[in-house]
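The block underneath contains the structure these notes are about, expressed in structure tokens.
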Amino acid sequence: MNSPLHFNPASPHGVGDATIGALLQEAGKLTPENTDAVLRMQEETGVRFGEAAQALGMVSAADIQQVLARQFDYPYIPAGEKYFSSRLVAAYDPFSRQVEMLRAVRGQLMLRWFARGHKSLAIVGVEPGSGTSLFAANLAVVFSQLGQNTLLVDANLRQPSQHEIFNLQGKTGLSDMLAGRATMGAVTRIEAFESLAVLGAGTLPPNPAELLARKDFTGLNAQLEALHDVVLYDTSDVLTAHDSLPVMARAHGVLLVVHRNATSLYDVAALSEQVRYAGAEVVGSVLLEF
């Protein structure tokens, strides 16, 4: 098995005071009168606009981070605006240590896999409850924040969860497309993140393993790759079912998700063997603690 992906947290940088005042006004955080007061303090003290506004108690550190993110085209959602699951930390708390580690995983995957011309990757957990789906959702968000046109596909046709994480309203999805009952219209663009789309699992079929094994899946994957820079497949765990095998075969690359104090080395070795049997490559592994 490939060596695990190691995390190297980095710190975000912020520059450009020129438009912060306008952005804060646009967001309703400052009035023109407030802005004048901030500018006077900035002139008197020589501090940055955002620092002056904070010192005067007019805005919070979170407000400043939000406008800096807009300046650098780094979209995220302010805390309290619960569009999606609160556990989607990459959307709500992008400067946390946890999300820094997600970005480190993203960087490793860009170098190890996507820079080699690949576009699809299956994210596979060993046992149920390992947090694979939530990890896949957060990873998709950080890929989109990089500007990569990202598609997250819920290929867990037994216990899907991406429709709940992203609050998807439509009922059609991957299963319906594979059955010939839906088109690309089943893909949902996530408006909060310009570069992110999600394809839900769709109607739960009685034969998920057989449906995913259809040759039509190869053609569908090719279409999805043609329309996106990164296609991430969230799959069922291998101890519950073997539905992930045909997904691995289509993606050709696999990121293993293991859970601290829950996943045995024997199960990891067995999964690695299944990946090779499917004709795919283990790109790396991630150890989750949540």
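Being among the β-branched types (Val, Ile, Thr) and free of Cβ contacts under 8 Å to residues at least 60 places away in the same chain is the filter here; which residues of the stretch 162-201 pass it?
Of the residues in the stretch 162-201, the ones among the β-branched types (Val, Ile, Thr) are 165, 172, 183, 187-188, 190, 198.
Passing the criteria: THR172, THR183, VAL187, THR188, ILE190, VAL198.
Among what's in the stretch 10-50 and is polar (S, T, N, Q) and either in the same structural domain as PHE95 (by TED's automatic domain parsing) or surrounded by 11 or more Cβ atoms within 10 Å (Cβ to Cβ) (or both), pick the residue that is modelled with the lowest pLDDT.
Of the residues in the stretch 10-50, the ones polar (S, T, N, Q) are 11, 19, 25, 31, 34-35, 42, 45.
Going one step further and asking which of them are either in the same structural domain as PHE95 (by TED's automatic domain parsing) or surrounded by 11 or more Cβ atoms within 10 Å (Cβ to Cβ) (or both), we end up with 19, 25, 31, 34-35, 42, 45.
Details: THR19: 71, GLN25: 75, THR31: 82, ASN34: 81, THR35: 79, GLN42: 75, THR45: 80.
Out of the qualifying residues, it is THR19.
Pick out the one residue from VAL254, VAL238 that is surrounded by 23 or more Cβ atoms within 10 Å (Cβ to Cβ), in the same structural domain as GLY107 (by TED's automatic domain parsing) and under 20 Å from LEU134 (Cα atoms). Outline the logic, then answer.
Values: VAL238 fails: surrounded by 23 or more Cβ atoms within 10 Å (Cβ to Cβ).
Residue meeting the stated conditions: VAL254.
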| Can you pull out the residues in the stretch 179-207 that are crowded, with 21+ Cβ neighbours inside 10 Å and closer than 22 Å to VAL238 by Cα? | LEU199, GLY200, ALA201, GLY202
| task | Search the stretch 78-94 for residues being in a loop (DSSP other than H, G, I, E, B) and buried (at least 16 other Cβ atoms within 10 Å of the Cβ), and hand back the single one that is modelled with the lowest pLDDT. | result | PRO94
| query | With respect to LEU152, is the statement that it is crowded, with 24+ Cβ neighbours inside 10 Å, at pLDDT 95 or above and within 14 Å of the chain's Cα centre (by Cα) true? | reply | yes
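Quick check, is ALA269 within 26 Å of SER195 (Cβ to Cβ), modelled with pLDDT under 95, of a type in the set (Gly, Ala, Ser) and more than 19 Å from the chain's Cα centre (by Cα)? Spell out the reasoning first.
Numbers: within 26 Å of SER195 (Cβ to Cβ): no; modelled with pLDDT under 95: yes; of a type in the set (Gly, Ala, Ser): yes; more than 19 Å from the chain's Cα centre (by Cα): yes.
For ALA269, the condition - within 26 Å of SER195 (Cβ to Cβ), modelled with pLDDT under 95, of a type in the set (Gly, Ala, Ser) and more than 19 Å from the chain's Cα centre (by Cα) - is not met.
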| Extreme residue, nearest to GLU281 (Cα to Cα), among residues of the stretch 106-135 that are over 16 Å from the mean Cα position of the chain (by Cα) and part of a helix (DSSP H, G or I) | ARG112
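The values are calculated or read from the model by the stated rules, or taken from the named source; none is laboratory data. Keep in mind the model is a prediction, meaning the values are calculated, not measured. With ideal geometry, Cβ positions are generated from the backbone for all residues, glycine too; neighbour counts draw on all protein chains shown.
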